[in-house]
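Before any comments, here is the structure.
FYI, it's all coordinate maths here, none of it is from the lab. What you see is a predicted model, and the numbers here were worked out from it, not measured in a lab. Every residue, glycine as well, gets a Cβ built from its backbone with ideal geometry; the counts of neighbours run over all protein chains shown.
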Amino acid sequence: MTGVGHTVIVGSRHKERGEAAAGRLGLRFVPIDVTDDASVASAAADVGQHVGRVDRPINNAGITGRPAAAAALTGDDARLVFDPNVLGVVRVTLRSAIRFNAADPATRPLASTR
């Protein structure tokens, strides 16, 4: 994406791994835990201060949860998966002051999981 003029920022709740990945890619790192409103707000403020806005957020915070038979899963298991994979996208979208242009489909948020 940087090759076509985009500013790319690596965000991760794991500081050391995020910094290492950003370093390998020659990118900037911003700490963010998509399951925590304060962390998302802090990351959004940081990006706003340094970049101005986010046009194409890519959420790759996928968590699959523990392997178990459906009958053995609990509400806590569901929350573990639901929070980063669904609510994380909502938190980042709402708290980041992301400006989406309805006429430009390239400005929609993207989500991926493992």
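By average Cβ neighbour count within 10 Å, what is the ranking of 72-81, 10-19, 26-35 from highest down?
26-35, 10-19, 72-81
Give me the one-decimal nm value for the distance between modelled label points at Ala38 and Glu16, 7 Å along each residue's Cα-to-Cβ direction.
2.4 nm
Hey, what do the phi angles of the stretch 7-14 turn into as Karplus ³J(HN,Hα) couplings, whole Hz, using 6.51/-1.76/1.60 and θ = phi - 60°, x for Gly and Pro?
Each residue of the stretch 7-14 in turn: 8, 10, 10, 8, x, 7, 7, 9 Hz.
Amide H neighbours of Ser12 under 5 Å, at least 5 residues apart or on other chains, H built in the peptide plane: list them.
Val30, Ile32
Run the numbers on the stretch 22-86 and let me know its relative contact order in percent, using alpha-carbon pairs under 8 Å that are six or more apart.
Result for the stretch 22-86 is 26 percent.
Would you mind calculating the gained length between Ala45 and Asn60 on full extension (0.36 nm times residue separation, minus the Cα-Cα distance), in nm to one decimal?
Working it through step by step, the gained length comes to 3.4 nm.
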